[in-house]
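Let me begin by presenting the structure, written as C-alpha cells, before commenting on it.
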Amino acid sequence: MGESSDMRHPPVIERSVLITGCSSGIGREAAMRLRTRGWRVFATARKPADLDALRAAGFEAIELDLTSDESVARAFEQTLQAAGGRLGALVNNAGYGQPGAMEDLTRDALRRQFEANFFGPLDLTRRCIPVFRRQGYGRIVNVSSVVGRLALPFLGAYSASKFALAAASAAMRMELRGSGVAVSLVEPGPIETSFSDNAMAAGQAHMRPGISVFDRLYRDQIRQMETGAYRQSPFRRPPEAVATRIIHALESPRPRRRYRITLLAHLGAFMARFAPDGLLDFALAGRYPAGR
C-alpha cells in the first residue's frame with residue numbers, strides 16, 4: 001500500500017504527542033494549541049523552573065536534556081508508560097543556535113550544538129519509530145530553520161546542525177514509506193521567540209571577544225542582542241505561525257513534506273535552489289566585514 005493511502009486511512013489516530021522544548025516560544029504555543037484541540041500533550045523542558053511552570057499550566061511535564069543519552073531514554077520511557085504504550089506523534093522542536101565563526105568554535109562547542117539539535121532529536125525519534133510502526137500510524141515533525149537550506153556566516157554550526165536534520169528527515173521519510181508514519185520538516189524564518197537571548201548566552205561563551213579577528217563584529221552582535229535590536233525585524237512572525245503548521249502536519253490526512261514560514265523562509269528556499277553560489281555569498285555575507 002502506498003504512502004498516500006496510508007495517510008488517508010490510518011488504522012488508528014492516536015491523539016497524543018510528545019513535544020520537546022516547551023518552556024517558551026514555538027514549543028509552548030504548539031503545546032497549548034494542541035491541548036485545546038483535544039490532544040494529550042507530553043511537554044518537555046530541561047530546567048526545573050520551566051517544568052514547574054508547565055505543570056502549573058496543567059501539562060504533563062517531562063524532564064528532557066537532549067545532550068544526555070540517559071535523559072533521552074528516561075524521558076521516552078516515562079512518556080510511553082504514561083501513555084499506555086501508545087503515542088500518536090513526536091514534535092522535535094527543542095534546540096538552540098551557536099553563533100561564531102567556524103574558526104572560533106571549539107570541538108566542544110560544535111559537539112554540544114549537534115547533541116542538542118541533531119543527535120538528541122534523532123535518538124528520541126528512533127525510540128518512537130518502533131511504537132509508530134506497531135500502531136501502523138504516527139507523525140514525526142522536525143522543526144528546522146531557513147538556515148537548514150542556506151548556510152549563514154557566523155551561524156555555521158547552527159546551519160550545519162539544521163542541514164543535518166533536514167537530510168535525516170528526508171531519509172526517514174523515504175525509509176518509512178508505506179508504514180503509515182509521516183515525516184514533516186518545518187522551516188521557519190525569523191520568529192518572535194527567546195532564540196536570540198539563548199544565542200547570546202551561547203555566543204558569549206564561545207565567540208571569544210578580544211581574541212578573534214572578528215572581535216568588532218562579535219561586540220556589535222552582542223550589543224544588538226542585549227538591546228533587542230534583533231527583535232525589530234519586520235519579517236518576524238509570532239510563534240503561533242509555526243504552531244499552525246505543526247498542527248496541520250499532525251492532523252492533516254496528507255501532511256506536507258516541508259512547511260516554510262515567513263517570507264524569508266520562502267525566499268531562502270528559492271535562492272538555495274536557483275541562485276549561483278557566488279550570488280549567495282554576496283547576498284548573505286556582503287554586509288559583514290572581512291576578518292583579517
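Observations on the structure shown:
- Between segment 19-37 and segment 151-165, the C-alpha centres lie 25 angstrom from each other.
- Annotation: the residues 128, 22, sorted from fewest to most other C-beta atoms within 10 Å of their own C-beta, follow the order 128, 22.
- Full extension of the chain between residue 216 and residue 175 gives 10.1 nm of extra length, using 0.36 nm per residue less the Cα-Cα distance.
- Segment 91-153 has equivalent-ellipsoid semi-axes of 29, 13, 7 Å, by the square roots of 5 times the alpha carbon gyration tensor eigenvalues, sorted largest first.
- Extending 7 Å from Cα along the Cβ direction at residue 77 and again at residue 280 yields two label points whose distance is 4.3 nm.
- Against the rule of thumb 2.2 N^0.38 Å, how large the Cα Rg of segment 40-93 comes out: 1.08
- Residue-wise HN-Hα couplings along segment 163-178, as the Karplus relation 6.51 cos²θ - 1.76 cosθ + 1.60 with θ = phi - 60° gives them from phi, are 4, 4, 5, 5, 5, 5, 5, 5, 4, 4, 4, 6, 5, 8, 4, x Hz; Gly and Pro carry x.
- Highest to lowest packing among 136-145, 106-115, scored as the average C-beta count within 10 Å: 136-145, 106-115
- Estimated Rh, segment 49-138: Kirkwood, alpha-carbon pairs, angstrom: 14.7 Å
- Descending by average beta-carbon neighbour count within 10 Å, the peptides 257-270, 69-82, 174-187 line up as 174-187, 257-270, 69-82, the highest first.
Rule-based calculations on the coordinates, nothing more; no lab input. Because the structure is a prediction, the values reported are computed rather than measured. FYI the Cβ positions are ideal-geometry reconstructions off the backbone, even for glycines, and counts take in every protein chain you see.
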